[in-house]
Amino acid sequence: MITTQENLQEAFAGESQANRKYLAFAKQAERDGYHQAARLFRAAAAAETVHAHAHLRAMKGIGSTLDNLKEALAGETHEYKNMYPDMIKLAEQEGHKAATRSFTYANEVEQTHAKLYQMALDNLENMAECNYYVCSVCGHTHEKEAPEKCPVCGANSNAFFKSE
């Protein structure tokens, strides 16, 4: 028998995926010159975020900042140690170059995220304020300022955007 907790988890996953998908659709609509369609996709994405956050709260999925950092660290560590290596291996075996590249980039970036979360855990009470910059090609996350060249994918500094 399915529980409400399982339904909340499924709904959270679905709403989260819809948010990301609709934001990607909005970018494509902008490139295609359909600005109103892009606005609609962004509005729906925002609504999906409202739903996802409500489901996450209902399943008591948000803890203290310390607990949330520990959970984020565990998730990132699982991804780069267990999840992505198997995905990379299979994509290589199947000759799926785009998937191999996507998984490899994500795997490397998850290691960086784990390091950043560990640093935050170690210094939560005394974290120095700084900005974070994200590579729009691979997702590499860098502190303080964008590097001249992305250490993961090699993109130039202009590929980075400041995270809000």
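Values as computed for the structure displayed
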quantity: Condition broken by residue 65, with the remaining ones in (1) of a type in the set (Ser, Thr, Tyr); (2) exposed (fewer than 15 other Cβ atoms within 10 Å of the Cβ); (3) free of Cβ contacts under 8 Å to residues at least 40 places away in the same chain satisfied; calculated: (3)
quantity: Residue count for region 1-54, restricted to those that are acidic (Asp, Glu) and touching a residue at least 24 places away in the same chain (Cβ under 8 Å); calculated: 2
quantity: Only one of 114, 58, 99, 72 that is within 27 Å of residue 9 (Cβ to Cβ) and more than 19 Å from the chain's Cα centre (by Cα); calculated: 58
quantity: Residue check for residue 30: surrounded by 15 or more Cβ atoms within 10 Å (Cβ to Cβ), under 30 Å from residue 154 (Cβ atoms), in contact with a Gly (Cβ under 9 Å, 6 or more places away or on another chain) and outside the structural domain of residue 153 (by TED's automatic domain parsing); calculated: no
quantity: Of all residues in region 117-130 being of a type outside the set (A, V, I, L, M) and closer than 30 Å to residue 100 by Cα, the one that is nearest to the chain's Cα centre (by Cα); calculated: 117
quantity: Enumeration of residues in region 125-153 that are in a loop (DSSP other than H, G, I, E, B), out of contact with any helix residue (DSSP H, G or I) (no Cβ under 7 Å at 6 or more places or on another chain) and farther than 15 Å from residue 109 by Cα; calculated: 128, 129, 130, 131, 144, 145
quantity: Extreme residue, nearest to residue 61 (Cα to Cα), among residues of region 1-27 that are exposed (fewer than 14 other Cβ atoms within 10 Å of the Cβ) and hydroxyl-bearing (Ser, Thr, Tyr); calculated: 4
quantity: Any hit, region 129-136, residues being more than 27 Å from residue 13 (Cα to Cα) and in contact with a strand residue (DSSP E or B) (Cβ under 9 Å, 6 or more places away or on another chain); calculated: yes
quantity: Region 144-164 - residue that is on the phi < 0 side of the Ramachandran plot, free of Cβ contacts under 8 Å to residues at least 24 places away in the same chain and not charged (D, E, K, R) and, of those, surrounded by the most Cβ atoms within 10 Å (Cβ to Cβ); calculated: 150
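The values are calculated or read from the model by the stated rules, or taken from the named source; none is laboratory data. Everything quoted here is computed from the prediction, not taken from an experiment. Here Cβ is always computed from backbone atoms with ideal geometry, including for glycine, and neighbour counts include all displayed protein chains.
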